[in-house]
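Structure record follows, encoded as structure tokens.
The values are calculated or read from the model by the stated rules, or taken from the named source; none is laboratory data. Everything quoted here is computed from the prediction, not taken from an experiment. Positions of Cβ are generated from backbone atoms using ideal geometry, with glycine treated the same way; all protein chains shown enter the neighbour counts. Accessible surface areas use protein heavy atoms only, side chains included; no ligands, DNA or RNA. Shrake-Rupley method; radii C 1.70, N 1.55, O 1.52, S 1.80 Å.
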Amino acid sequence: MPRVSTPRDVPALSRRVLADDVFEALTGLVMDHVVAPGERMSIDGLAARLGVSPTPVRESLARLEALGLARKEPLRGYRATPLLSRAELDDLFDFRLLVEPWAAGRAARAVRRGDGDAAALTGLLAEMTVAPTAGYDHYRAMTEHDVRFHDTVLALAGNDHARQAFARTHCHLHIFRLHYVQQVGSSALAEHAVVAEAVQAGAVRDAEAAMRAHLRASRDRLRPVAAD
């Protein structure tokens, strides 16, 4: 029997919606550098800015810390984390280049054996055919698409450890925070299409090569804007 909501349920639901709204607002401020990298994030100041109580701000800052977008300092509160340095960017892509081409090849092999279905990949491509413009309110959808695309490849590869290790990097937030313009999104979408085609065809080496080319191109687009 469906559960009937009562008035008692409404405040809890409202609090959850408010907390999510505050989290998205703070994420946007950090991603768009309205809160500059390294800037202190005052709970009371942010609460006043957003017109809310300190509680959802405090909860949201803890969530941002889990994503690596904020850092809590003992007795001093929170700060926005610095942008990725060039060395950190290279380390991130070194990891991805070890894991993701292998995963793309394994995904293609699973499809060829009939153990996997690449329809989810092509479905993701159909959902986003034009890259959004700059500004987190716009390119948030591209960030979510990018996460889902790469996670779907890893899911098809069938290795949960690799999939979880990739998820813990939160890499798409950090690379788009470092630099996003519409052309970056357009290039990524075109490269995703090549990966998806190879995986769907069950072409193991082509899938590996396509993912490797995509990651190298992504890294090379970002390296010039990363600080030494």
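Below is a table of values for the structure above.
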| read-out | value |
| --- | --- |
| Verdict on Leu97 being touching a Phe, Trp or Tyr at 6+ places or on another chain (Cβ under 7 Å) and within 27 Å of Gly68 (Cα to Cα) | no |
| Pairs, first without any contact (Cβ under 8 Å) to a residue 24 or more places away in the chain in the stretch 70-86, second open to solvent by 30 Å² or more (accessible area, probe 1.4 Å) and assigned to a strand (DSSP E or B), C-beta under 7 Å, six or more apart | Arg71/Arg79; Glu73/Arg79 |
| Output for the stretch 148-189, where each listed residue is closer than 23 Å to Leu222 by Cα, polar (S, T, N, Q) and in a loop (DSSP other than H, G, I, E, B) | Thr169 |
| Selected residue (only one of Arg106, Arg96, Arg63 is within 30 Å of Ala162 (Cα to Cα), touching a Leu at 6+ places or on another chain (Cβ under 6 Å) and part of a helix (DSSP H, G or I)) | Arg96 |
| When residues of the stretch 163-186 are limited to those that are among the polar types (S, T, N, Q) and in contact (Cβ under 8 Å) with a residue 40 or more places away in the chain, the one most open to solvent (accessible area, probe 1.4 Å) | Gln183 |
| Close pairs from the stretch 22-42: first surrounded by fewer than 16 Cβ atoms within 10 Å (Cβ to Cβ), partner outside any loop (DSSP other than H, G, I, E, B) and hydroxyl-bearing (Ser, Thr, Tyr), Cβ under 8 Å, at least 6 apart | Gly28/Tyr136; Asp32/Tyr136; Arg40/Tyr78 |
| Residue tally, condition in a loop (DSSP other than H, G, I, E, B) and either small (Gly, Ala, Ser) or in contact with a helix residue (DSSP H, G or I) (Cβ under 9 Å, 6 or more places away or on another chain) (or both), over the stretch 66-81 | 4 |
